[in-house]
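Comments concern the structure below.
The values are calculated or read from the model by the stated rules, or taken from the named source; none is laboratory data. As the structure is a prediction and not an experimental result, all values here were calculated from the model. Backbone-built Cβ (ideal geometry, glycine too); neighbour counts: all protein chains shown.
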Amino acid sequence: MTIQNNLSSRAAENLTGSNVMLEGVIKANSDKFDFKANPNGIINLGVAENQLMTAELRDIFSSVDTADTKLFGYGESPSGSRLLRSHFANNVFNRYFKPVEPVMGEQMVLTAGCSATVDNFTFCVCDPGDGILITTPFYGGFNTDIMAKSKAKVVAVHLEGVNPFGLEQIQVMQEAVDNARLEGTRVRAFVLSNPHNPLGRTFSRELIIAFLRFASKNNIHILFDEIYALSVFDYALTGLAKEEQPDNNPFISVLSIPNIEQYCEKELVHVAYGMSKDFCLNGFRCGVLLSPWNNELLDAMRSIAVFTWMASTTEAMLTKLLGDPNIIEVFTKTNQARLAESYTYTVHTLREHNIPYLPAQGGHFIWIDLRQYIPSSLIGASQAGERTAEYLVWRAMLKEGVYVNLGEAFSERLVGFFRLSFSVPVPMLKLGLERMIKACQWASLSDNELNR
Ligand SMILES: Cc1ncc(COP(=O)(O)O)c(C=O)c1O
């Protein structure tokens, strides 16, 4: 009897195939770099984890009594305490997202991380086999969130040659919905991240409205994952990094679109958020589903919230952080300035080595094109979509002591693109980039050696 015989078919299905993103993370985390304790360890420029604000967070939390006996029991509610939800409403959304109608805590369900938010959302809007539309490249975690438990399908819209920030994509998306429907897949939602992960850019008002119209036309939910909303840093850029960004859009939350009902039935519009990115607290596991106009969805989310109930200690610590608007203001501005500094350093280094990249204005990462390092023997195969070369460069980087995330993890069909996270202090970033470039150079010369 194999182990799989003991599993449900839906769990067994999860054991087939690989999760590239998770494999990389586990590798990097099992041998973490440290200047003193482990200088030969792996520098993590692959995960979207912001290490720029650790000292500030330590300070903020130092006054929280994490051994308070009150925290040993269950929290007030599986979908988050009223106080914490009201802090999210008043001190985060209403201050920074410019909502047309002020947001309230009752319109939210908190979960243990935004991944859980997307998983629970999928569970509530999809039956097994239903589809959720996403344009590529997209944050790879969505695959797991959508498929692993709810058994919905990701309907990936490949935008090759079509600008992911332009209106032309709407037609490609429509074709994808029509084709999926012809094949018998009921498409139930469109999910997008704004600011975009992995491209690090924001969508224009015009495009957000076009997305809303598209959702309405197809009668599908539209989930705006705005988890990087406060990590937009372009105003703080300096020198060349700033000059190359003449046509940036500011971040526009869907909540700030006036008369939204002119474009889409309000019940279909939702926002996902969390503490992992803008507040650098990936380990705290806190996500938010904000659905201002759909009580039924909120009730459905509440009915399963017990499985993704945040820890009481996390809740207490977040209540401290989000309860003080001044702390948030200083934290956010400092974080954005540091992101800008690390980004600026990164693009200078990329330019020095003639590595093409898509200028970013938000998020923790930059999308880079390493196709020049594909060994000549593999160029033809790579152009045909074979991924050996991408793995070759990736393994060379890991051997050299740096982890950068490969394009495949974002469902990018073109081979040779990577997402580089720069949200680490500059000295570590500098060493990480040196290692990356060294690895690329020798990967391009000797694939045979790597295959040994
Ligand atoms: C766009 C996006 N959504 C959701 C998540 C998951 O966030 P969490 O750590 O809160 O589960 C990530 C993490 O990388 C992300 O980039």
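Is it the case that Ile170 is crowded, with 18+ Cβ neighbours inside 10 Å and in the same structural domain as Ala116 (by TED's automatic domain parsing)?
Taking the combined requirement at face value, the residue does not satisfy it.
May I ask you to say which residue of Ala337, Ala311 is over 18 Å from Asn50 (Cβ atoms) and either assigned by TED's automatic domain parsing to the domain that holds Asn94 or surrounded by fewer than 20 Cβ atoms within 10 Å (Cβ to Cβ) (or both)?
Ala311
Scan the stretch 276-306 residue by residue and report those that are over 11 Å from Val109 (Cα atoms), within 15 Å of the ligand (Cβ to nearest atom) and not aromatic (Phe, Trp, Tyr).
Matches in the stretch 276-306: Ser276, Lys277, Asp278, Cys280, Leu281, Asn282, Gly283, Arg285.
Restricting attention to the stretch 379-432, which residues are within 22 Å of Asn50 (Cα to Cα) and part of a loop (DSSP other than H, G, I, E, B)?
Answer for the stretch 379-432, where residues must be within 22 Å of Asn50 (Cα to Cα) and part of a loop (DSSP other than H, G, I, E, B): Gly401, Phe422, Ser423, Val424, Pro425.
Going by what's in this entry, would Lys36 be described as away from the ligand (no atom under 16 Å from the Cβ), within 30 Å of Gly401 (Cα to Cα) and of a type in the set (Lys, Arg)?
Here the answer is yes, as Lys36 does meet what is asked.
Looking for whichever is outside the structural domain of Gly140 (by TED's automatic domain parsing), in contact with a Cys (Cβ under 6 Å, 6 or more places away or on another chain) and within 21 Å of Gly283 (Cβ to Cβ) here; the options are Asn19, Asn50. Which one fits?
Checking each option against the conditions leaves just Asn50.
When you check Trp367 against the structure, is it assigned to a strand (DSSP E or B) and assigned by TED's automatic domain parsing to the domain that holds Gly24, yes or no?
yes
Quick one: is Asn194 crowded, with 22+ Cβ neighbours inside 10 Å and either within 16 Å of the ligand (Cβ to nearest atom) or without any contact (Cβ under 8 Å) to a residue 60 or more places away in the chain (or both)?
Yes; evaluated as a whole, the condition is true for this residue.
When you check Ser79 against the structure, is it in a loop (DSSP other than H, G, I, E, B), within 16 Å of the ligand (Cβ to nearest atom), among the hydroxyl-bearing types (Ser, Thr, Tyr) and in contact (Cβ under 8 Å) with a residue 60 or more places away in the chain, yes or no?
Yes, satisfied.
Out of the residues in the stretch 137-187 meeting the condition of being acidic (Asp, Glu) and modelled with pLDDT of 95 or more, tell me which one is farthest from Thr122 (Cα to Cα).
Glu168
Kindly indicate which of Ser231, Ser253 is small (Gly, Ala, Ser), farther than 24 Å from Ile132 by Cα, touching an Asp or Glu at 6+ places or on another chain (Cβ under 7 Å) and within 16 Å of the ligand (Cβ to nearest atom).
Ser231
Can you name every residue in the stretch 14-42 that is of a type in the set (A, V, I, L, M) and within 20 Å of the chain's Cα centre (by Cα)?
Answer for the stretch 14-42, where residues must be of a type in the set (A, V, I, L, M) and within 20 Å of the chain's Cα centre (by Cα): Val20, Met21, Leu22, Val25, Ile26, Ala28.
I'd like to check something: does the stretch 209-221 contain any residue that is within 14 Å of the ligand (Cβ to nearest atom) and touching a residue at least 12 places away in the same chain (Cβ under 8 Å)?
no
What are the pairs, 6+ residues apart or on separate chains, where a residue within the stretch 114-126 that is farther than 21 Å from Asn219 by Cα has its Cβ under 7 Å from a residue that is more than 9 Å from the ligand (Cβ to nearest atom) and in a helix (DSSP H, G or I)?
Final answer for the pair search is Ala116/Thr308.
List every residue pair whose Cβ atoms lie under 6 Å apart, where the two residues are 6 or more positions apart in sequence or sit on different chains, the first residue falls within the stretch 264-282 and is within 20 Å of Thr122 (Cα to Cα), and the second residue, located anywhere, is in a strand (DSSP E or B) and β-branched (Val, Ile, Thr).
That search, which allows pairs on different chains as well, returns Leu268/Ile222; Val269/Ile222; Tyr273/Val288.
Looking at this structure, is Gly113 within 16 Å of the ligand (Cβ to nearest atom) and under 17 Å from the mean Cα position of the chain (by Cα)?
yes
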